[in-house]
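The values are calculated or read from the model by the stated rules, or taken from the named source; none is laboratory data. Everything numeric in this text was worked out from a predicted model, so none of it was measured. Positions of Cβ are generated from backbone atoms using ideal geometry, with glycine treated the same way; all protein chains shown enter the neighbour counts. Accessible surface is based on the protein model in full, side chains and every heavy atom, while ligands, DNA and RNA are left aside. Shrake-Rupley method; radii C 1.70, N 1.55, O 1.52, S 1.80 Å.
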Amino acid sequence: MSIPSGASMHITIRLQFQKELVSFGEIATAIGKAGGDIVGIDVISSSKTHTVRDITVSAFDTKHCDLITDTLKKINGVKVIHVSDRTFLMHIGGKIEVKSKIPIKTRDDLSRVYTPGVARVCTAIAEDPTKAYSLTIKRNTVAVVSDGTAVLGLGDIGPHAAMPVMEGKAMLFKQLAGVDAFPICLDTKDTEEIIQIVKAIAPAFGGINLEDISAPRCFEIEERLKKELDIPVFHDDQHGTAVVLLAGLLNALKIVGKKLEDIKVVLTGIGAAGIACTKILLAAGVRNIIGVDRLGAIHRGENYENLYWMEYAQMTNPDNLSGTLSEVIKGADVFIGVSAPGILTVEDIKKMAKDPIVFAMANPVPEIDPELAEPYVRVMATGRSDYPNQINNVLCFPGIFRGALDCRAKEINEEMKLAAAQAIASVVTDEELNETYIIPSVFNSKVAERVREAVMKAAYRTGVARKEAIAPTE
Ligand SMILES: NC(=O)C1=CN([C@@H]2O[C@H](COP(=O)(O)OP(=O)(O)OC[C@H]3O[C@@H](n4cnc5c(N)ncnc54)[C@H](O)[C@@H]3O)[C@@H](O)[C@H]2O)C=CC1
Ligand SMILES: CC(=O)C(=O)O
Ligand SMILES: [Mg+2]
């Protein structure tokens, strides 16, 4: 399935055209007829006979880009010089770099930042390792660790291919919360090896953000690292997703006037994100959740090879329903998808209860094209940036780590996650709340700040903050 319509990619087509054979108007019409939308035009050069222009066109997907380009190539007098994809251009050479905070201009500077001066600083840390927080990058630095096995919804694409996502996460950490994050993609899928590597690199970091590591290995990796390290370890796909989902649901339920304890939720994809989303919803008071994976609804009485599903069956599905998604979705108030593209149909939505809430959160392609779903749902959300109501863990991980680092929390616990969810939901005021605005924008600067404050309060309250509180906390 390709990226759905409405979701655009932009290509810049550099073309030369012969003025006596073809006009720009004809070229623009041809692009329009092929379904492309011109979003920018730059004149690169012009002579009496020829013009070279860069035309930036928004298209649905790569096939659509090829169609537009082929249409142009067929026009007499037009030569397509090259086509560049703006997304790829943004990735050339990678997206992040390391910068020094102070310049090294003189030998004196050199002897302080490096040898011999640095030796005294090293010795001070050797004598008191907690000084690593004040004298190194540790207090502001997070490792974004992946093995490339569950990258977005693309699956096991390996550590090299995972890097653009991890670089993107690092950019978001920095821009949204001032956290310095390093992408670290490991060329191993061995659970024990990943645990040992992360433990070995931990001294440089104030926190570990695990990312896109497939279930069920991600559960053991996180649990072990949480036990064996004294810095916060947080699997973003589990907990970041769960936090933002709860924030979105709290607000969506206000719109439809339903309560957590009364709703029926059907959730697809009982992997990393799905299990964590289920747990946070249960902790928040939801009573009726039915999980659906490739084998249908997870229910008691089945002998699942996946032990996490055995446990899942015990804590969910009070009526012990079995069957396909289309069967169990009947009467559901909420659909949550953290699974795979296109698995929810309009017919399924029609079977849901009044005022359906659909959160199709698989990336990059959701469980249903939001434009198909829109006429039949009351509240629609996806994980994507190009539709309203973006339920994406990016609303959580920068602020939650900012808070954890600032109070030097030894872990990110359940109270801190719930506080983060409420903080995110609170950014949308009752006056602002509506069907297309249940969750604040990623660019809303209040989000990270509010999450930070709420998380710090919860950390002090639950005794996991190790830095003495400067201001009084609740
Ligand atoms: N919007 C957001 O913030 C986030 C979205 N996601 C998305 O959720 C999806 C799952 O991510 P993870 O939980 O990390 O992966 P995962 O690999 O741990 O779990 C995916 C689960 O979906 C199931 N699944 C696959 N195809 C299915 C189908 N046709 N029907 C039912 N179940 C199916 C798999 O069997 C697996 O249990 C991905 O598309 C990812 O991009 C994940 C994290 C955050
Ligand atoms: C958003 C995210 O972390 C994912 O789709 O995997
Ligand atoms: Mg992820």
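Couple of notes before you dig in:
- Karplus 3J(HN,Hα) series, Hz, for the range 153-165 with 6.51 cos²θ - 1.76 cosθ + 1.60 (x for Gly, Pro): x, 7, x, 7, 9, x, x, 5, 5, 6, 3, x, 5
- Cα-based shape type of the range 173-285, given that a ≥ b ≥ c are square roots of the gyration tensor eigenvalues and the cut on a/c is 1.5: prolate
- Computed magnitude of the charge dipole of the range 66-165 (debye, nearest 20; Cβ of K, R +1, Cβ of D, E -1): 500
- Around ILE102: net Lys/Arg minus Asp/Glu count, Cβ-Cβ under 13 Å: +2
- In order along the range 169-186, the Karplus-derived 3J(HN,Hα) couplings, from 6.51 cos²θ - 1.76 cosθ + 1.60 at θ = phi - 60°, round to 4, 4, 4, 5, 3, 6, 5, 8, 9, x, 8, 8, 10, 10, x, 10, 10, 9 Hz, and Gly and Pro are given as x.
- Check: the chain dipole with +1 on Lys, Arg Cβ and -1 on Asp, Glu Cβ, in debye: 1280
- Three-way shape label, the range 74-152, alpha-carbon gyration tensor, a/c 1.5: oblate
- The range 301-372 and the range 383-399 have their alpha-carbon centroids 21 Å apart.
- Over the range 107-231, the Kirkwood radius and the radius of gyration, each from Cα atoms, give a ratio Rg/Rh of 1.05.
- Of the trypsin sites (Lys or Arg not before Pro) in the range 330-424, those whose Cβ has at most 11 other Cβ within 10 Å and which sit in DSSP loop: LYS354
- Three-way shape label, the range 285-415, alpha-carbon gyration tensor, a/c 1.5: oblate
- Given their separation in residues at 0.36 nm each and the Cα-Cα distance between them, LYS446 and THR462 gain 3.4 nm when the chain is fully extended.
- For the pair the range 105-154 / the range 221-252, the C-alpha centres are spaced 25 Å from each other.
- Dividing the alpha-carbon radius of gyration of the chain by the rule-of-thumb value 2.2 N^0.38 Å gives 1.11.
- For ALA409, residues with placed amide H under 5 Å, excluding near neighbours: ARG466
- With all protein chains modelled, accessible area of LYS226 [1.4 Å, Å²]: 70
- Rounded to the nearest 20 debye, dipole of the range 51-116 from Cβ charges on Lys, Arg, Asp, Glu: 220
- For the chain, the fraction of 1.4 Å probe accessible surface lying on carbon and sulfur atoms is 54 percent.
- Seen from ASN363, the other residues with C-beta closer than 13 Å to its C-beta sum to a net charge of -4, counting Lys and Arg as +1 and Asp and Glu as -1.
- Listed residues ALA273, LEU321, LEU344: farthest to the positive end of the dipole of the range 236-474 (Cβ charges): ALA273
- Cross-link partners of LYS19 among lysines (Cα-Cα below 25 Å; sequence separation of 8 or more within a chain): LYS33, LYS48, LYS73, LYS74, LYS79
- Set of lysines near LYS95 by C-alpha distance (under 21 Å), chain-local residues within fewer than 8 positions excluded: LYS169, LYS174
- When you restrict to C-alpha pairs under 8 Å that are six or more residues apart and normalise by the size of the range 107-231, the relative contact order lands at 28 percent.
- With the whole protein complex present, PHE182 retains an accessible surface near 80 Å², based on a 1.4 Å probe.
- Put ASP108, ASP237 in order of accessible area, highest first, and with a 1.4 Å probe you get ASP108, ASP237.
- What the chain shows is 48 Å² of accessible area per residue, with the surface traced by a 1.4 Å probe over protein heavy atoms.
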